[in-house]
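The values are calculated or read from the model by the stated rules, or taken from the named source; none is laboratory data. Remember, it's a predicted structure, so these values are computed and weren't measured experimentally. With ideal geometry, Cβ positions are generated from the backbone for all residues, glycine too; neighbour counts draw on all protein chains shown.
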Amino acid sequence: METNNQISDRYDDGIDLRQLFALLWGGKAIIIVTTTVFAIVSVIYALSISDQYKAVAVLSPSQKDSGGLSGALGQLGGLASLAGVSIGGGDSSEAQMAQEIMKSWNFIETFITDNELAVEVYAVEGWNKGSNRLQVDDDIYDVEKKKWMVEDVYTGEEGPPSSWQLFEKFSEKLVIAEDPTLGLISVSIEYYSPQIAKQWLDMFVMAINKHMQERQITKVTTNINYLQEQIEKTSITEMREVFYTIIEEQIKNKMLAEASPEYAFVTVSPSMVPEEKSQPKRALICILGTLLGGMLSVLQVLARHYTKKSD
């Protein structure tokens, strides 16, 4: 007898699909209304989001001739290390360093400042395809008065966005990915205007090449100045000859850097003006919004039923 009662209790505790279906059918009005509201809201939200376009460029790390200058520098590497000078050209480690610099706060801030992109990066909220004009958010930037109205978190005063805010905004638009198999680097910038997305990407690639080029020239110039100081300090003929030889190679290295506009990266596939938007995925937004409304409405019906039952 006890066994039969236990089995009965198990069935009582289980879920009766017919009862569940009847319960949901009884609350069909709530489910339909809630799902419909969520579907309408998701459609309105999807239509309110401005289109964005992604410009992509594929880069390859610049390869130096290992049999020419780099080979000669390699033979002098031991002597240079004794002299306290680091001799090195652009190699894979230089390209990896360039990738990290591209993502850095300082480099992006300099890029925005040098090209005066603060308004386009932070205040623009869309693009009019017909007139080919950017749509600026009036609550952030007054175009006529050329005045920023971004509220400072600490003081509450209105002014331009901070360096960190600009960095975060631009980083959201920038994607840098490396293919470990081929060693190629994909750089993309996503923006409201397809023309500006391509323009920014070309400028960005040019900026990192120029930055790495100037960095190498400064490094080599410092080495040359240091070696010249050492020549003046020593009277040993053999050491002076070593210093002159290293200086000669450093001058060659400097000339090579100055003559290489694509110092860090060579463009394998240049960017093109994108014709199709990359986001938003409006259909996906509408489907997910509708599904969310359906699930929440079902939970609402079940919650109301079991709340009344417990009461």
query: Is at least one residue of region 254-270 under 19 Å from the mean Cα position of the chain (by Cα), surrounded by fewer than 16 Cβ atoms within 10 Å (Cβ to Cβ) and more than 30 Å from SER93 (Cβ to Cβ)?
result: no
Being surrounded by 11 or more Cβ atoms within 10 Å (Cβ to Cβ), of a type in the set (D, E, K, R) and at pLDDT below 85: is that true of LYS54 here?
no
Within region 18-64, restricting to residues that are of a type in the set (Ser, Thr, Tyr) and assigned to a helix (DSSP H, G or I), the one that is farthest from TYR191 (Cα to Cα) is THR34
Of (1) outside any helix (DSSP H, G or I); (2) within 30 Å of LEU47 (Cα to Cα), LEU296 satisfies every one except (1)
Of (1) surrounded by fewer than 16 Cβ atoms within 10 Å (Cβ to Cβ); (2) in a strand (DSSP E or B), SER188 satisfies every one except (1)
| said: Tell me whether region 212-222 contains one or more residues that are assigned to a helix (DSSP H, G or I), in contact with a helix residue (DSSP H, G or I) (Cβ under 9 Å, 6 or more places away or on another chain) and within 18 Å of LYS103 (Cβ to Cβ). | reply: yes
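Each row is one residue, and each column tells you yes or no for (1) under 19 Å from GLU172 (Cβ atoms); (2) part of a strand (DSSP E or B); (3) in contact with a Pro (Cβ under 6 Å, 6 or more places away or on another chain).
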position	(1), (2), (3)
VAL121	yes, no, no
GLY126	yes, yes, no
SER131	no, no, no
ASP138	no, no, no
GLY156	no, no, no
**Asked** Has region 213-220 got any residue that is in contact with a Phe, Trp or Tyr (Cβ under 8 Å, 6 or more places away or on another chain), under 30 Å from VAL33 (Cβ atoms) and at pLDDT 90 or above?
**Response** no
Within region 147-179, restricting to residues that are without any contact (Cβ under 8 Å) to a residue 60 or more places away in the chain and in contact with a helix residue (DSSP H, G or I) (Cβ under 6 Å, 6 or more places away or on another chain), the one that is farthest from ALA123 (Cα to Cα) is SER163
Any residue at all in region 253-273 that's out of contact with any helix residue (DSSP H, G or I) (no Cβ under 9 Å at 6 or more places or on another chain) and free of Cβ contacts under 8 Å to residues at least 12 places away in the same chain? yes
Of the candidates PHE38, PHE21, the one satisfying the condition of being touching a helix residue (DSSP H, G or I) at 6+ places or on another chain (Cβ under 6 Å) and not assigned by TED's automatic domain parsing to the domain that holds VAL136 is PHE38
Being of a type in the set (Phe, Trp, Tyr), more than 30 Å from GLU262 (Cβ to Cβ) and at pLDDT below 90 narrows TYR154, TYR141 down to just TYR154
Checked region 198-240 for anything free of Cβ contacts under 8 Å to residues at least 40 places away in the same chain and surrounded by 20 or more Cβ atoms within 10 Å (Cβ to Cβ); matches are VAL220
Among (1) closer than 27 Å to SER278 by Cα; (2) of a type in the set (A, V, I, L, M); (3) surrounded by 15 or more Cβ atoms within 10 Å (Cβ to Cβ), MET149 falls short only on (1)
By residue number, the members of region 251-285 that are in a strand (DSSP E or B) and touching a Lys or Arg at 6+ places or on another chain (Cβ under 9 Å) are GLN279
